[in-house]
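Report on the following structure.
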Amino acid sequence: MDKLKRKTHDAISQILFTEDQIKNRIYELAKTVNEDYKDKYPIFVGVLKGVFIFMADLLRKIDIECEVDFLAISNYSNDARRRGVVRLVKDLDIPIEGRHVLFIEDVIDTGLTLNYLLRNLQERSPASLEVCTLFDKPTRRLIELPILYKGFDLPDKFIVGYGLDYYEQYRNIPYVGTLRAEIFQQSACNSIKLKQGL
């Protein structure tokens, strides 16, 4: 293992889901989606950036005709973020009126942002709108959501890997795990130094 890979993997304190566990669960999800959306020509919609690895792996297992589109969002202030209000940085390119839409998520936490996005999409009058998430944190949920397809339940921990990041790092790890406490401490120290111009 080269030095950079070792440093990345050494930052992980606990592996929650291995690469094989994730791969097997995605296969099961895709099988169900293929059955449920047969002859419906669905649109799969994901939110960049975190979902890109899960969505790509899921789509490679989809054997029905479909289209793919993405949203990109940016948070407003801390107060707006707590309410789940986001700014759409990139909207859909494909009209979804009258179409069957499957919204693909990497991880659902409080549900506030997802609720905001689902309401936005529902206003566009799709024939149906369902949610597929690889990871769910039900203990963090502040609002109930209709999640039709779910990969794994997560404990209330901050996770990285498989597309999920911490300050844009660790997305490339093929499994999902938690970071060592000192990684958070180092980031906090670096953030203070940057603010102080050190």
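Odds and ends about this structure:
- Residue 106 out of contact with any Cys (no Cβ under 7 Å at 6 or more places or on another chain) and surrounded by fewer than 18 Cβ atoms within 10 Å (Cβ to Cβ): no
- Screening residue 41 against (1) modelled with pLDDT under 95; (2) farther than 17 Å from residue 105 by Cα; (3) in contact with an Asp or Glu (Cβ under 7 Å, 6 or more places away or on another chain) leaves a single unmet condition, (1).
- All strands (runs of 3 or more DSSP E) inside segment 56-157 with 2 or more residues being within 26 Å of residue 35 (Cα to Cα) and at pLDDT 95 or above: 67-75, 100-108, 128-136, 149-153
- Near pairs, Cβ below 8 angstrom, 6+ apart or cross-chain, from segment 169-188 (on the phi > 0 side of the Ramachandran plot) to any residue that is among the basic types (Lys, Arg) and not in a helix (DSSP H, G or I): none
- Residue 50 of a type in the set (Gly, Ala, Ser), at pLDDT 95 or above, surrounded by 15 or more Cβ atoms within 10 Å (Cβ to Cβ) and closer than 23 Å to residue 92 by Cβ: no
- Matching residues in segment 9-35 - criterion: being buried (at least 16 other Cβ atoms within 10 Å of the Cβ), more than 18 Å from the chain's Cα centre (by Cα) and not in a strand (DSSP E or B): 11
- Annotation note: Cβ proximity below 6 Å between a residue of segment 110-134 that is within 30 Å of residue 16 (Cβ to Cβ) and in contact (Cβ under 8 Å) with a residue 60 or more places away in the chain and a residue that is outside any helix (DSSP H, G or I) and of a type outside the set (Val, Ile, Thr) (sequence gap 6+ or interchain) occurs for 121/129; 132/102; 132/149; 134/106; 134/151.
Every residue, every condition in (1) more than 29 Å from residue 99 (Cα to Cα); (2) crowded, with 19+ Cβ neighbours inside 10 Å; (3) touching a Leu at 6+ places or on another chain (Cβ under 7 Å), yes or no:
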residue: 120; (1), (2), (3): no, no, no
residue: 139; (1), (2), (3): yes, no, no
residue: 148; (1), (2), (3): no, no, no
residue: 155; (1), (2), (3): yes, no, no
residue: 160; (1), (2), (3): yes, yes, yes
residue: 179; (1), (2), (3): yes, yes, no
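The values are calculated or read from the model by the stated rules, or taken from the named source; none is laboratory data. What you are looking at is a predicted structure, and each value in this text was computed from that prediction instead of being measured. Every residue, glycine as well, gets a Cβ built from its backbone with ideal geometry; the counts of neighbours run over all protein chains shown.
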